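Visitor: Quick one: this structure, given as structure tokens, is what I'll be asking you about.
The values are calculated or read from the model by the stated rules, or taken from the named source; none is laboratory data. Bear in mind the structure is a predicted one, so any value in this text is a computation, not a measurement. In this analysis, Cβ positions are derived from the backbone assuming ideal geometry, glycine residues included, and neighbour counts consider all displayed protein chains. Ligands, DNA and RNA are stripped out before the accessible areas are found, and what is left, the full protein with its side chains, is counted by its heavy atoms. Shrake-Rupley method; radii C 1.70, N 1.55, O 1.52, S 1.80 Å.
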Amino acid sequence: MKLIISNVSGVPIYEQIKQQVKAAILSGELKEDEALPSLRTLAKDLKISVLTVTRAYTELEQEGFVKNVQGRGCFVMDRGSELMREQLICKVENGLTDAIKAARIANLPSEELHRLLDILLEANTDD
Amino acid sequence: MTNYLEVKNLSKSFDSFQLHNISFTLPKGYIMGLIGPNGSGKTTTIKLILNMLGRNGGEIKIMGLDNIADEQKAKAELGVVFDTNYFSDDWQVTQVEKSISVFYPNWKSERFAEMLRKFHIAPTKKVKELSKGMQMKLMLACAFSYDAKLLILDEPTSGLDPVSRDELLQILSEYIEDGEHSVLFSTHITGDLERAADYITYISYGELFFSGSKDEFVDLFRIVKGGTEELSADLKEKAVGVRTFPTGFEALVKTEDTVAFSSLSIEPATIDEIVVFTSKKGDDYE
């Protein structure tokens, strides 16, 4: 798994680790029951604080993506990728709800809203 | 969690300087940075831990042992690296081993030889022929040869080039990787070491300003920036430190106070910025 820490992004380092681990789980690069890099080794390799990696791993565990087995390491949960999909779908729903609310205020008809979504979808596939 | 170093209510008075009630603990397996401006009491604190100065009050425990009553036992577990080396200049590296090893029952000659190879130190060289970075590595090689559990470094990075600083950082993170070793180092803070420290103890003018995890410390403050006319009286009052210049201002503000200024640019603060702003005690300068 690739883990890269940016010093200029302004995103806290523990958050960067979390995001990249989540992305690896979702893409299937990290499989069920696969071990994350050892906490202290990762801290050494990335030259960051052990506590920072601990925080990233603890939060991933609290969110249900990995489980910590005392003395053995951190492993990807069976439902890790499923959970992530659910979370993302939830995010999509929230975003769309916001869009609908804004459309109501702007008096935008539903067909227009659908059309807008189609255009945006198309525009994004070009990237 | 086992603590490798416990400092409680440590006090020391000199004629012109006082160290007041310094308390902090360093758990096993972590790195702590001791920071503060020059003359704030970092070296005094380290000297008190090493019993090189007599304390006026408080308590210091190294791996559970009192640093004075059990000094011999405690120091057998302790490795020390100073800004300048404490060996005789004319000693060859082999003589350094001969002279130092007798004090440590756990000394392993093979380990010392291995460390010299790893650090590329020629055993026949004299101490004075080694560069500053090499001398530091020699001190580390000694500490690793008797498997010191706690490493104390006083300003280890001052006078080192970026390559040696990076090597030191690498050595320290390898040292704590197994979770059985801890490091306390004092420094004027440079970005690379800022990343590796787990805990920060910040001493300012003899007083303890903060001791805790580094992330917590960095999260305490934000930098607020804006144009000169945006510097309200409310912001001035809440700011820990302000720097004004003809085109605007920069202020260090407690994170919880930033809500009121959400229209301005708010950025995370670096440890350097926190130290600079908090030690100026809010004085403006141009």
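Visitor: Which aspartates and glutamates, on any chain, are close to residue A:22 with Cα under 12 Å apart, when same-chain ones fewer than 8 places away are left out?
Guide: Straight-line reach from residue A:22, under 12 Å: A:59, A:61, A:63, A:82.
Visitor: Given the options B:81, B:127, B:259, which has the most mean-square fluctuation in a GNM of chain B, springs set between C-alpha atoms less than 10 angstrom apart?
Guide: Ranking B:81, B:127, B:259 by mean-square fluctuation puts B:259 first.
Visitor: Follow-up. Could you tell me how far the Cα centroid of segment A:14-44 sits from the Cα centroid of segment B:1-18, in Å?
Guide: 40 Å
Visitor: Sticking with this one: Mind checking B:173-179 for the average number of partner chain beta-carbons within 10 Å of each residue's beta-carbon?
Guide: 4
Visitor: Moving on to the next point. Express as a percent, rounded to the nearest 5, the fraction of DSSP beta bridges in the protein assembly as shown (both residues included) that run antiparallel. Please report the intermediate quantities before stating the final value.
Guide: Numbers: 41 of 60 bridges.
Expressed as a percentage, antiparallel bridges in the protein assembly as shown total about 70.
Visitor: Past the 22 angstrom mark, what percentage of all C-alpha to C-alpha distances in chain A do you count? Let's see the in-between values first.
Guide: Working: 3995 of 8001 pairs.
The proportion of pairs with Cα distances above 22 Å equals 50 percent.
Visitor: Then there is this: What 222 nm value per residue comes from the helices of chain B, counting each DSSP H run with n ≥ 4 as -39,500 (n - 2.57) and dividing by all residues, nearest 500 deg cm²/dmol? Walk me through the intermediate numbers first.
Guide: On the way: 10 runs with 89 residues, N = 286.
Here the helix-only value at 222 nm equals -8500 deg cm²/dmol.
Visitor: Now for a different question. For residue B:4, enumerate residues with amide H under 5 Å from its amide H, sequence gap 5+ or separate chain, H modeled in the peptide plane.
Guide: Sorted by chain and number, the residues that satisfy this are B:26, B:28.
Visitor: Sticking with this one: How many partner chain Cβ atoms sit within 10 Å of a residue's Cβ in peptide B:164-172, on average, as a whole number?
Guide: The mean count of partner-chain Cβ atoms within 10 Å per residue comes to 1.
Visitor: Per-residue HN-Hα couplings for segment A:14-31, Karplus 6.51 cos²θ - 1.76 cosθ + 1.60 at θ = phi - 60°, whole Hz, x for Gly and Pro?
Guide: 4, 5, 4, 5, 4, 4, 6, 5, 4, 4, 5, 5, 5, 6, x, 5, 9, 9
Visitor: Regarding segment B:220-279, what is the average projected area of its C-alpha convex hull, in nm²?
Guide: Details: hull surface 14.9 nm².
Result: a mean projected hull area of 3.7 nm².
Visitor: Between segment B:222-263 and segment B:108-168, what is the separation of their alpha carbon centroids in Å?
Guide: Going from one Cα centre to the other spans 45 Å.
Visitor: Does segment A:82-123 come out rounded, prolate or oblate, given a ≥ b ≥ c as the square roots of the eigenvalues of its C-alpha gyration tensor, rounded meaning a/c under 1.5 and, failing that, prolate meaning a/b above b/c?
Guide: Cα axes put segment A:82-123 in the oblate bin.
Visitor: Here's something else I'd like to know. So which trypsin sites (Lys or Arg not before Pro) in segment A:1-107 end up in coil per DSSP with only 13 or fewer other C-beta atoms within 10 Å? Numbers along the way, then the final one.
Guide: Values: sites: A:2, A:18, A:22, A:31, A:40, A:44, A:47, A:55, A:67, A:72, A:79, A:85, A:91, A:101, A:104; in loops: A:2, A:31, A:47, A:72, A:79.
Sites meeting the loop and neighbour criteria: A:2, A:31, A:72, A:79.
Visitor: Cα gyration tensor of segment B:1-76, axes a ≥ b ≥ c as square roots of the eigenvalues: rounded (a/c below 1.5), prolate (a/b > b/c) or oblate?
Guide: Because a/c hits 1.5 or more and a/b fails to exceed b/c, segment B:1-76 counts as oblate.
Visitor: Hey, what did segment B:4-124 get for relative contact order, percent, Cα under 8 Å, at least 6 apart?
Guide: Values: 115 pairs, mean separation 26.8, N = 121.
Relative contact order of segment B:4-124: 22 percent.
Visitor: Build a GNM of chain B with springs between Cα atoms under 10 Å: which of B:269, B:74, B:260 gets the top mean-square fluctuation?
Guide: Highest fluctuation among the options: B:260.
Visitor: Filter the chymotrypsin sites (Phe, Trp or Tyr not before Pro) in segment B:103-162 down to the DSSP loop ones having no more than 15 other Cβ atoms within 10 Å, then list what survives.
Guide: B:103
Visitor: Could you tell me the relative contact order of segment B:220-279? Use alpha-carbon pairs under 8 Å, at least six residues apart, and round to a whole percent. Write out the running numbers ahead of the final one.
Guide: Details: 91 pairs, mean separation 26.4, N = 60.
So the answer I get is 44 percent.
Visitor: A further question follows. Heavy atoms of the protein only, probe of 1.4 Å, neighbouring chains included. What is the accessible area of residue B:88 in Å², nearest 10?
Guide: We get 50 Å² for residue B:88.
Visitor: In Å and whole numbers, how far do the C-alpha atoms of chain B stretch along each principal axis, longest first?
Guide: 68, 40, 38
Visitor: Would you work out the relative contact order for chain B, in percent, from Cα pairs under 8 angstrom that are 6 or more residues apart?
Guide: 21 percent
Visitor: Where is the GNM fluctuation largest for chain B (alpha-carbon springs, 10 angstrom cutoff): B:113, B:69, B:143?
Guide: B:69
Visitor: Now for a separate question. Computed on alpha carbon atoms, what radius of gyration and Dmax characterise the protein assembly as shown, expressed in Å?
Guide: Reported Rg and Dmax, both Å: 26.2, 89.
Visitor: Which value in Å does the Kirkwood hydrodynamic radius of segment A:13-76 take, with 1/r averaged over all unlike C-alpha pairs and then inverted?
Guide: Across segment A:13-76, the inverse of the average 1/r is 11.6 Å.
Visitor: Using the Karplus curve 6.51 cos²θ - 1.76 cosθ + 1.60 with θ = phi - 60°, work out ³J(HN,Hα) for each residue of segment A:63-70 in order, rounded to whole Hz, and write x for Gly and Pro.
Guide: 7, x, 8, 9, 10, 9, 9, 3
Visitor: Only loop residues by DSSP count here, and only those with at most 16 other Cβ atoms within 10 Å; note down the trypsin sites (Lys or Arg not before Pro) in segment B:146-223 that meet that.
Guide: Nothing satisfies the criteria.
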